[in-house]
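Presented below is the structure to which this report refers.
The values are calculated or read from the model by the stated rules, or taken from the named source; none is laboratory data. Owing to the predicted nature of the structure, the values given are computational and were not obtained by experimental measurement. Cβ coordinates were reconstructed from backbone atoms using ideal geometry, including for glycine residues, and neighbour counts include every protein chain displayed. When the accessible area is computed, the model is the full protein with side chains, heavy atoms only, and any ligands, DNA or RNA have been set aside. Shrake-Rupley method; radii C 1.70, N 1.55, O 1.52, S 1.80 Å.
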Amino acid sequence: MSQIFIANAKGGCGKTTVAVHIAAYLANIGCEVKLLDHDAQRSSLDWFAQRPKSFRGLSVNTAGTTIAANCYDYIIHDMPAAWSPASQIHLFKPGDRLLLPVLASPTDMKACLRFYMELQRLGLFENHIKTGVVVNRTKNQSRYNLVLAEFLKRSNLQVLGKLRETQNYPSAMEKGLTIFDKPIKRWQKDVESWQSIVRWLACESTRKSGGQHTRSVKEAELG
């Protein structure tokens, strides 16, 4: 099983939004996916409770659930705010992936940097943990977009993609959906903004599955 951790110490940066979208995308291309909700607010579980039964290949449980070996292609971890990886460093295995959602604000940038430095001090990246940043809720004409871009460049963090500020995400998630689940025209622009992120994931999913899961982003959108 491959693991993907969606984590950042800062609350409100969109970890659950990113986690459920990645889980739904991988399930839609044919992977068996388990999403583990580590947050006491249980936002991923609330989302899944509304999810239509017609969408298969994905299940959600609280953290600590016993998972039988080889039952899933992917385990997605939706980590809580203020999480300290030092207490659960044992969860990470060589080859796992870590996504850091971050907002273009001074507070979020500082929190992200402190979190990343903690991961470095723990020696996490010496275990070949692949790490990427998802810039969330971007707004046009925001000077902090430039500040964030410079910050990420100096931090040597790989930016996988940028997701815009839009009501499309809460609108979909209220119904237990993601923008990948239905061919709704107003979601198309946001589907396209995920292309670089899902390519980063699809490379791994294709290798793990022996090349069987090769459906395109458009096909995943259509469910």
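If I filter the range 40-70 down to residues being among the hydroxyl-bearing types (S, T, Y) and under 17 Å from H21 (Cβ atoms), which single residue comes out as nearest to the chain's Cα centre (by Cα)?
Applying the first criterion (among the hydroxyl-bearing types (S, T, Y)) to the range 40-70 yields 43-44, 54, 59, 62, 65-66.
From what's left, under 17 Å from H21 (Cβ atoms): 43-44, 59.
Values: S43: 14, S44: 12, S59: 16 Å.
Step by step, filter the range 40-70, then rank; the result is S44.
Out of A40, A19, A9, I need the residue that is within 26 Å of L146 (Cα to Cα) and in a loop (DSSP other than H, G, I, E, B). Which one? Give the steps one after another, and end with the answer.
On the way: A40 fails: within 26 Å of L146 (Cα to Cα); A19 fails: in a loop (DSSP other than H, G, I, E, B).
Every option except A9 fails the conditions.
What tally of residues in the range 103-123 results from selecting those that are without any contact (Cβ under 8 Å) to a residue 12 or more places away in the chain, open to solvent by less than 30 Å² (accessible area, probe 1.4 Å) and hydrophobic (A, V, I, L, M, F, W, C)?
Taking the range 103-123 as the starting set, the residues that turn out to be without any contact (Cβ under 8 Å) to a residue 12 or more places away in the chain are 110, 117, 120-121, 123.
From the residues that got through so far, the ones that are open to solvent by less than 30 Å² (accessible area, probe 1.4 Å) too are 123.
Going one step further and asking which of them are hydrophobic (A, V, I, L, M, F, W, C), we end up with none.
The number of residues fulfilling the criteria is 0.
Only one of (1) hydrophobic (A, V, I, L, M, F, W, C); (2) open to solvent by 10 Å² or more (accessible area, probe 1.4 Å); (3) closer than 12 Å to C13 by Cα is not met by V133, so which one is it?
In the conditions (1) hydrophobic (A, V, I, L, M, F, W, C); (2) open to solvent by 10 Å² or more (accessible area, probe 1.4 Å); (3) closer than 12 Å to C13 by Cα, V133 misses (2) alone.
Please indicate, with yes or no, whether at least one residue in the range 163-183 is part of a strand (DSSP E or B), of a type outside the set (A, V, I, L, M), closer than 30 Å to K53 by Cα and at pLDDT 90 or above.
Step one: list which residues in the range 163-183 are part of a strand (DSSP E or B), which gives 163-164.
Cutting the leftovers down to of a type outside the set (A, V, I, L, M) gives us 164.
The next check asks that each one be closer than 30 Å to K53 by Cα; those that pass are 164.
Those still in the list that are at pLDDT 90 or above too: 164.
The answer is yes, given that some residue of the range 163-183 is part of a strand (DSSP E or B), of a type outside the set (A, V, I, L, M), closer than 30 Å to K53 by Cα and at pLDDT 90 or above.
Can you give me the number of residues within the range 48-76 that are farther than 13 Å from A24 by Cα and outside any loop (DSSP other than H, G, I, E, B)?
Counting residues in the range 48-76 that are farther than 13 Å from A24 by Cα and outside any loop (DSSP other than H, G, I, E, B) gives 3.
Mind listing whichever residues of the range 172-191 are open to solvent by 30 Å² or more (accessible area, probe 1.4 Å) and closer than 16 Å to R137 by Cβ?
Filtering the range 172-191 for residues open to solvent by 30 Å² or more (accessible area, probe 1.4 Å) gives 173-175, 182-186, 188-189.
Selection gives M173, K189.
Within the range 148-162, track down each residue that is part of a helix (DSSP H, G or I) and small (G, A, S).
A149, S155
Please work out if P94 is modelled with pLDDT of 90 or more and out of contact with any helix residue (DSSP H, G or I) (no Cβ under 8 Å at 6 or more places or on another chain). Step through it out loud before you land on a result.
Numbers: modelled with pLDDT of 90 or more: yes; out of contact with any helix residue (DSSP H, G or I) (no Cβ under 8 Å at 6 or more places or on another chain): no.
When the stated conditions are applied, P94 does not pass them.
Could you please find all residues in the range 12-24 being touching a residue at least 60 places away in the same chain (Cβ under 8 Å) and closer than 17 Å to P101 by Cα? Lay out the reasoning, then the answer.
Taking the range 12-24 as the starting set, the residues that turn out to be touching a residue at least 60 places away in the same chain (Cβ under 8 Å) are 12-18, 20-22, 24.
The answer is G12, C13, G14, K15, T16, T17, V18, V20, H21, I22.
Do the conditions hold for V20, that is, is it under 25 Å from G161 (Cα atoms) and out of contact with any Phe, Trp or Tyr (no Cβ under 8 Å at 6 or more places or on another chain)? I'd like the intermediate steps shown before the answer.
Details: under 25 Å from G161 (Cα atoms): yes; out of contact with any Phe, Trp or Tyr (no Cβ under 8 Å at 6 or more places or on another chain): no.
Considered against the rule, which asks whether it is under 25 Å from G161 (Cα atoms) and out of contact with any Phe, Trp or Tyr (no Cβ under 8 Å at 6 or more places or on another chain), V20 comes out as no.
What about H77, is it more than 17 Å from S155 (Cα to Cα) and open to solvent by 10 Å² or more (accessible area, probe 1.4 Å)?
On the way: more than 17 Å from S155 (Cα to Cα): yes; open to solvent by 10 Å² or more (accessible area, probe 1.4 Å): no.
The answer is no for H77.
Quickly run through the range 3-54 and pick out the residues that are open to solvent by less than 10 Å² (accessible area, probe 1.4 Å) and among the hydroxyl-bearing types (S, T, Y).
Y25, S44
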